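Please read the structure below before turning to the comments.
The values are calculated or read from the model by the stated rules, or taken from the named source; none is laboratory data. These figures come from a predicted structure and were not determined experimentally. Neighbour counts run over all protein chains shown; Cβ positions are idealised from the backbone, glycine included. When the accessible area is computed, the model is the full protein with side chains, heavy atoms only, and any ligands, DNA or RNA have been set aside. Shrake-Rupley method; radii C 1.70, N 1.55, O 1.52, S 1.80 Å.
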Amino acid sequence: MTVQELPGAASAYRPTPPPAWKPRTDPTPLLPDPEPYRVLGTEAAAGTDPELLLRLYAELVRGRRYNVQATALTKQGRLAVYPSSTGQEACEVAAALALEERDWLFPSYRDTLAAVARGLDPVQALTLLRGDWHTGYDPREHRIAPLCTPLATQLPHAVGLAHAARLKGDDVVALAMVGDGGTSEGDFHEALNFAAVWRAPVVFLVQNNGFAISVPLAKQTAAPSLAHKAVGYGMPGRLVDGNDAAAVHEVLGEAVARARRGGGPTLIEAVTYRIDAHTNADDATRYRGEAEVETWRAHDPIRLLERELTERGLLDEDGIRAAADAAETMAADLRERMNADAVLEPMDLFEHVYAEQTSQLREQAAQLRAELDAEGEAR
């Protein structure tokens, strides 16, 4: 029985249009395309800035080499863990390049490459995963929030910052990155709901790489796509080929521009694939076959962009070699600096936990200081 079917409702019920029980927004413009949006290999590619494509290519090559080197560092004991983004470099790089310097990036633990592509020192990006410090960089200086290991908790933070910027009149957009697994967390719902209600200038980029560790997407959601979830919150959803760097950059750029001019948030699902295991501690062969992985290797983001550039005469063998050499130089520098033992200060455990230390922290700090002093005297 609806409100209008209740006895006496015809004379007592006087809604102001639109009635609260009716849709507040026409859902049609919010629906994503039925297929992921693509640029490379289509007529749309001809209108893409050649300089942008070349920059995307150089960053993709550098990003792939960064992933390979970081993975090797875990095997050498220089990193405790590394969640590789091999195969997802187009999303990582495009996210970094779509933002202005004044904007904020909110990465997850798998998004160190996005931070590096935004200009962060690779060693600083890996400091948390090395276990040396809470985070290896100053978030305010770089406009990059700390790498977030708990799933999706960075999303409400991004909404809060974006909403605060809007209230203050600051021309700032926040871009929050999350994996498909993170969309099953309550923080995802809360962030999108608040963002839409407040029309916060925030963009949500979901990298759908097929698995939440070992759980396939089909066991997480029955939605037509993750981008369709946007409609329920009252924001547009976009579906894009996450291995097409030009398409991801274009869709993100449009969403960032929309947010900046007051249009509110956008949810973007980038369909991609995690070529490597979840982390170096994972055995991916237990839940997926090599044939599936090889299928996605044929849709590699570097190969797609390289093919486009060479067919258009924008890239030759010298250009390919130059990009590879620059990436190798970066990897050699990263390797050399990560192989140096860090100088750690045990008392730093108590720094940057609270603005003012609690009595318990002061007591613990004093106890550790006494133990360190006693150990020094024993030597």
In nm, what is the difference between 0.36 nm times the number of residues separating Ala281 and Arg362 and their Cα-Cα distance? 25.5 nm
Pop out the carbon and sulfur fraction of the accessible area of the chain as a percent, whole number, probe 1.4 Å. 52 percent
Kindly provide the GluC sites (Glu not before Pro) of the stretch 29-108 that DSSP labels as loop, not H, G, I, E or B, and whose Cβ sees at most 16 other Cβ atoms within 10 Å. Glu100, Glu101
Nitroxide proxy distance, nm - points 7 Å out along Cα→Cβ at Ala44 and Asp132: 4.1 nm
Please tell me the relative contact order of the chain in percent, rounded to the nearest whole number, where contacts are Cα pairs under 8 Å and at least six residues apart. 22 percent
With the other protein chains left in place, how much accessible area per residue, in square angstrom, belongs to the chain at a 1.4 angstrom probe? 50 Å²
If a paramagnetic tag sat 7 Å from the Cα of His352 along the Cα-Cβ line, which residues of the stretch 144-183 would have the backbone N under 15 Å from that point? 144-149
Value of Rg/Rh across the chain [Cα atoms, Kirkwood radius]: 1.04
Please figure out what share of the DSSP beta bridges in the chain is antiparallel and state it in percent, rounded to the nearest 5. 10 percent
Lys and Arg at +1, Asp and Glu at -1: add these up for the other residues within a Cβ distance under 9 Å of Ala96 and post the number. -1
Among Arg369, Arg78, Arg321: highest mean-square fluctuation, GNM of the chain, C-alpha pairs under 10 Å: Arg369
Two-decimal ratio, the stretch 29-148, of alpha-carbon radius of gyration to 2.2 N^0.38 Å: 1.18
